[in-house]
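> This is the structure I have questions about; it appears just below.
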Amino acid sequence: MADLTTSYLGLELKNPVVVSSSGITRNVEGVLRCADAGAGAIVLKSLFEEQIESEAEQEQEATEVSMHPEADDYIRQMGKHLGPDDYLALVEQAKKKTDVPIIASLNSRTTKWWGNYARQLEQAGADAIELNMSIMPRRFEENADQVERRYVNIVDKVRRQTSVPLAAKIGPFFTALPHFTTALRKAGVQALVLFNRFYQLDINIQTKKLAPGYMFSTPQEVYLPLRWISILHPEVGCDLSASTGVHTGTEAVKLLLAGAKTVQVCSTLYKNGIDRIATIRSDIERWMTEGGYETIDDFRGMLNQSQSGSPEAYERLQYIKALTGVS
Ligand SMILES: Cc1cc2nc3c(=O)[nH]c(=O)nc-3n(C[C@H](O)[C@H](O)[C@H](O)COP(=O)(O)O)c2cc1C
């Protein structure tokens, strides 16, 4: 039987299928369902910076971040459902009830709150922390270097406060990803989660109002993390976890071949149910058995770009062929 164990963030995982942060993992029941379905590790729903701020503001009436009033209200309600104390309790409970590694997730925009809170998460038993960093650059006077510095400062701040393994979950929209991810690794992350899939903004043409876009991914979206994981592995020097577009074992195997340590699943669990974790795991196992691979390390990274001949020339040629219609 193929051995699916993998190391990730210094943890030993029984398989590389990780449940990514979402509403599915917002309570102990959801966590246990994922553990029962065979998840290799579980990332809890993110605690948002605003949830901590909201609680702090209630105590001292200080408004550091001015938000849309409707958003303020929403966040306050959200804080009541799962504030920072509840979140610590969720980590403790999850750790008590399952031996599957539990990764806490913080959504951070600034450096203000995270250092101290990250330490509390470590004390509550979190095996690792994923920093879910989705900074949307909107200021015209802020350049790329300044935006990147905000990310690095957050990592640096948290790193100084805690020794727990850290992952940075980032979006794909950076000009020089190899350079930027190296800066994050130097600031102290042990893993990068590529990529966060941002909230999609839509417009309703009947009501002429802004509306939320479609929430879930499709398997075709896997090409973005696939490309970047194959470029970054192994030079970036830390673990890579793939997020976006993993719906079946096929995407999972591709990402492992490109060099991923783990693959994260979310949309497919909403669409196909939590049991999809077990299906993906057994698909990987079957593929390994058919190919004669005993462990994941026997084939991990086999098709990263440094090992696949002249990837740049190959890609350029395919691009020219596609655009000129010549095959
Ligand atoms: C309903 C929903 C809630 C999510 N909540 C979070 C969250 O709290 N924190 C986070 O880092 N990502 C969150 N995500 C993003 C997912 O973790 C994941 O990165 C993204 O959906 C892409 O993966 P997928 O293609 O497997 O869905 C959420 C996604 C969905 C669909």
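> Leaving out ligands, DNA and RNA, and with a 1.4 Å probe, what % of the accessible surface on segment 6-324 is carbon or sulfur? Walk me through the numbers on the way to the answer.
Numbers: 8100 of 15930 Å².
Carbon and sulfur together cover 51 percent of it.
> If the viscosity is 1.002 mPa s and the temperature 20 °C, what translational diffusion coefficient in µm²/s does Stokes-Einstein give for the chain when Rh comes from Kirkwood over Cα pairs? Please list the in-between numbers first.
Values: Rh = 20.7 Å.
It diffuses with D of about 103 µm²/s by this estimate.
> Here's something else I'd like to know. Testing the spin-label approximation: label points 7 Å from Cα along Cα→Cβ at Met1 and Asn204. State their distance in nm.
5.1
> Quick one: among Ser105, Ser217, Ser243, which has the greatest mean-square fluctuation in a GNM of the chain with alpha-carbon springs under 10 angstrom?
It is Ser217.
> Would you work out the relative contact order for the chain, in percent, from Cα pairs under 8 angstrom that are 6 or more residues apart? Walk me through the numbers before you get to the answer.
Values: 580 pairs, mean separation 58.9, N = 327.
This gives 18 percent for the chain.
> Right, next: Give the long-range amide H neighbours of Cys238: residues separated by 5 or more places, or on another chain, with amide H under 5 Å away, using H modelled in the peptide plane at 1.01 Å from N.
Amide H neighbours of Cys238, under 5 Å, 5+ apart: none.
> In addition: Can you list the HN-Hα couplings for segment 138-145, worked out from phi with the Karplus curve (6.51, -1.76, 1.60; θ = phi - 60°), rounded to whole Hz and with x for Gly and Pro?
10, 7, 5, 8, 9, 8, 4, 4
> Please find, in a Gaussian network model of the chain (springs between Cα atoms separated by less than 10 Å), the residue of Asp156, Asp297, Asp99 whose mean-square fluctuation is greatest.
The residue that fluctuates most here is Asp99.
> Only Lys, Arg, Asp and Glu count, each charged at its Cβ (+1, +1, -1, -1), so figure out the dipole size of the chain about its Cα centre, rounded to 20 debye. Show your work: numbers first, answer last.
On the way: 35 positive and 41 negative charges, 111 e Å.
Its charge dipole is roughly 540 debye.
> Here's another thing I want to ask about it. Relative contact order of segment 201-327, please, whole-number percent, based on alpha carbon pairs below 8 angstrom and at least 6 residues apart. Could the numbers behind the result be given before it?
Working: 155 pairs, mean separation 28.6, N = 127.
Computed value for segment 201-327: 22 percent relative contact order.
> Loop only per DSSP, at most 13 neighbouring Cβ atoms within 10 Å: give me the GluC sites (Glu not before Pro) in segment 133-203, ordered by residue number. Can you show the working numbers first?
Numbers: sites: Glu141, Glu142, Glu148; in loops: Glu141, Glu142.
Loop-located and lightly packed - Glu141, Glu142.
> OK, next. Among Asn153, Ser22, Ile277, pick out the residue whose Cα is farthest towards the positive end of the charge dipole of segment 6-324, where Lys and Arg carry +1 and Asp and Glu carry -1 on C-beta, about the Cα centre.
It is Ile277.
> Also, I was wondering about something else. Count the DSSP beta bridges whose two residues both fall in the chain, then state the antiparallel fraction as a percent rounded to the nearest 5. Mind dumping the intermediate values first?
Working: 7 of 36 bridges.
Bridges in the chain are about 20 percent antiparallel.
> If I model a spin label as a point 7 Å beyond the Cα along the Cα-Cβ vector, how far apart are those points for Arg316 and Lys271 in nm?
Going by the 7 Å Cα→Cβ label model, 3.6 nm.
> Here is a further query. So what is the accessible area of segment 6-324 per residue, in Å², with the probe set to 1.4 Å?
Ligands and nucleic acids excluded, the result is 50 Å² per residue.
> Provide the gained length on full extension for the span Thr295 to Ala183, in nm with one decimal, where the gain is 0.36 nm per separating residue minus the Cα-Cα distance.
Extra length from Thr295 to Ala183 when fully extended: 37.2 nm.
> Rank Ala167, Ala242, Ala278 by mean-square fluctuation in a GNM of the chain with C-alpha springs under 10 angstrom and give only the top-ranked residue.
Its mean-square fluctuation being the largest, the pick is Ala278.
> Further question on the same structure: Taking 0.36 nm per residue of sequence separation and subtracting the Cα-Cα distance, how much length would be gained by fully extending the chain between Glu92 and Ser306, in nm to one decimal? Don't jump to the answer; show the numbers that get you there.
Details: separation 214, 0.36 × 214 = 77.04 nm, distance 4.18 nm.
Result: 72.9 nm gained on full extension.
> Let me ask something additional. For an R0 of 22 angstrom, estimate the FRET efficiency from the Cβ-Cβ distance between Asp85 and Ser134 and round to the nearest 0.05.
Details: r = 24 Å, r/R0 = 1.09.
Approximately 0.35, to the nearest 0.05.
> Could you pull out every one of the lysines with an alpha carbon less than 22 Å from that of Lys45, ignoring same-chain neighbours closer than 8 positions?
Output for Lys45: Lys14, Lys80, Lys95, Lys96, Lys97, Lys112, Lys157, Lys169, Lys261, Lys271.
> Taking DSSP loops as anything outside H, G, I, E and B, show the longest stretch in the chain free of trypsin sites (Lys or Arg not before Pro) there with at most 13 other beta carbons within 10 Å. Display every interim value, and only then the final one.
Numbers: sites that count: Arg138, Arg139, Lys208.
It works out to 1-137.
> For the chain, build the charge dipole from Cβ charges (+1 Lys, Arg; -1 Asp, Glu) around the Cα centre, then report which of Leu88, Ala104, Thr248 sits farthest towards its positive end.
Among Leu88, Ala104, Thr248, the one farthest towards the positive end of the dipole of the chain is Thr248.
The values are calculated or read from the model by the stated rules, or taken from the named source; none is laboratory data. The shown structure was predicted, so the numbers you read here are calculated from the model rather than taken from an experiment. Every residue, glycine among them, receives a Cβ derived from its backbone with ideal geometry; neighbour counts consider all protein chains shown. Side chains included, ligands, DNA and RNA excluded: accessible areas come from the protein's heavy atoms. Shrake-Rupley method; radii C 1.70, N 1.55, O 1.52, S 1.80 Å.
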